[in-house]
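See below for the structure under consideration.
The values are calculated or read from the model by the stated rules, or taken from the named source; none is laboratory data. No experiment lies behind these values; they were computed from the predicted model shown. Note that we place each Cβ from the backbone using ideal geometry, even for glycine, and neighbour counts take in every protein chain shown. Surface accessibility is based on the protein's heavy atoms, side chains included, excluding ligands, DNA and RNA. Shrake-Rupley method; radii C 1.70, N 1.55, O 1.52, S 1.80 Å.
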Amino acid sequence: MAVRPQLCEACSIKDLTFCSSLHGAEHDHLRQILTHVQFDGHNTIFHEAEDADYVFNITSGSVKLYKLLGDGRRQITGFLFAGDFLGLALNTNYLYTAEAVEPVTACRFPRQKLEKLFVNFPQLEKRMLGMAVDELAAAQDQMLLLGRKTAKEKVASFLLMLARRQEHRGEDSDMISVPMSRSDIADYLGLTIETVSRTLTQLRKEATISLKDNRHIEAVGREMLEDLAEGL
């Protein structure tokens, strides 16, 4: 759903966004092609294999990315948050499905018009390439999680990832916001829902975390959590 546009200068996370490489009047060129959009929680932003006509810069909320396997199982490949870029594609089709975990707002850019801006603003293309590298690094981290770590190490690594993303956004990370469901976490980590719940309970009993509610976890033993994530 499109919403009333706001000034880029008024964006609360402008230093994290794709357009942070532009300054002053340069933003006017970008504003001419962008649309501010909103998605309710659990709404699909785009489907895998659809034409990649748009790219998005998330300004609030969180998004899960997933692929459906041949047998119908779902593999969540990542979560994106405010400041992240969404919809990068190597060809003309999206490589995954993107779904809002919670209410999401984003700046939407027509891909072809955005690519034309790169001619006059090469710093935009450089910024996009930087975000693509970050996405590749996240995919490599995911491969390590699935291939080498125990259930406990996976859950600890996941919680630390969320905490560090909060720090990146300038938010306090002692209380970790967990907007995704236990099912989503399980699909991301390659575990069962029961294993995720059992591991969280074990971490609570060991005084590593405190379960405030289904959406908030306090890292009362941050060093212990970091040691677990490193397999120590």
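How many angstrom lie between the Cα centre of the range 67-83 and the Cα centre of the range 156-211?
For the range 67-83 versus the range 156-211, the Cα centre distance is 17 Å.
Could you compute the net charge surrounding L95? Neighbours are other residues with a C-beta less than 11 Å from the C-beta of L95; K and R count +1, D and E count -1.
Its environment carries a net charge of -2.
Which whole-Hz ³J(HN,Hα) couplings does the range 98-111 yield from phi under the Karplus relation 6.51 cos²θ - 1.76 cosθ + 1.60, θ = phi - 60°, glycine and proline marked x?
So the J values, rounded to whole Hz, are 10, 10, 5, 6, 9, x, 10, 10, 7, 8, 10, 10, x, 4.
Tell me, what is the per residue accessible area of the chain in Å², probe radius 1.4 Å? Please list the in-between numbers first.
Values: 12260 Å² over 232 residues.
With all protein chains present, the chain gives 53 Å² per residue.
Where the accessible area of the chain is counted over protein heavy atoms with a 1.4 Å probe, how much of it, in %, is carbon and sulfur?
The nonpolar share, carbon plus sulfur, comes to 51 percent.
Which values, in whole Å and largest first, are the semi-axes of the equivalent ellipsoid of the chain obtained as the square root of 5 times each eigenvalue of the Cα gyration tensor? Walk me through the numbers before you get to the answer.
Values: eigenvalues 216, 76, 50 Å².
Calculated on Cα positions only, the semi-axes equal 33, 20, 16 Å.
Please identify, among G72, G170, G130, the residue showing maximal mean-square fluctuation in a Gaussian network model of the chain using a 10 angstrom Cα cutoff.
G72
Check the straight Cα-Cα distances from K154 and name the aspartates and glutamates below 15 Å, setting aside those fewer than 8 residues away within the same chain.
D141, D184, D187, E194, E226, D227, E230
I'd like the Karplus ³J(HN,Hα) series for the range 170-182: coefficients 6.51, -1.76, 1.60, θ = phi - 60°, whole numbers in Hz, and an x wherever there's a Gly or Pro.
Along the range 170-182, the couplings run x, 9, 5, 10, 5, 9, 8, 7, 10, x, 7, 6, 4 Hz.
Out of residues 5 or more away from V55 or on other chains, whose amide H comes under 5 Å of its own, with H placed 1.01 Å from N in the peptide plane?
F109, R111
Quick one: give the max-minus-min coordinate of the C-alpha atoms of the range 3-141 along each principal axis, largest first, in Å.
51, 28, 27
Divide, for the range 131-232, the radius of gyration over alpha carbons by 2.2 N^0.38 Å, where N is the residue count.
On the way: Rg = 13.0 Å, N = 102, 2.2 N^0.38 = 12.8 Å.
This ratio for the range 131-232 stands at 1.02.
Convert each backbone phi in the range 118-134 into a coupling constant with the Karplus relation 6.51 cos²θ - 1.76 cosθ + 1.60 (shift: θ = phi - 60°), then list the ³J(HN,Hα) values in order as whole Hz, x for Gly and Pro.
Values, residue by residue: 4, 4, 8, 10, x, 5, 5, 5, 4, 5, 5, 5, x, 5, 5, 5, 4 Hz.
Helix 193-205 versus the longest principal axis of the chain: what is the Cα-based angle in degrees, 0 to 90, to the nearest 10?
With both axes taken from Cα atoms, the answer is about 70 degrees.
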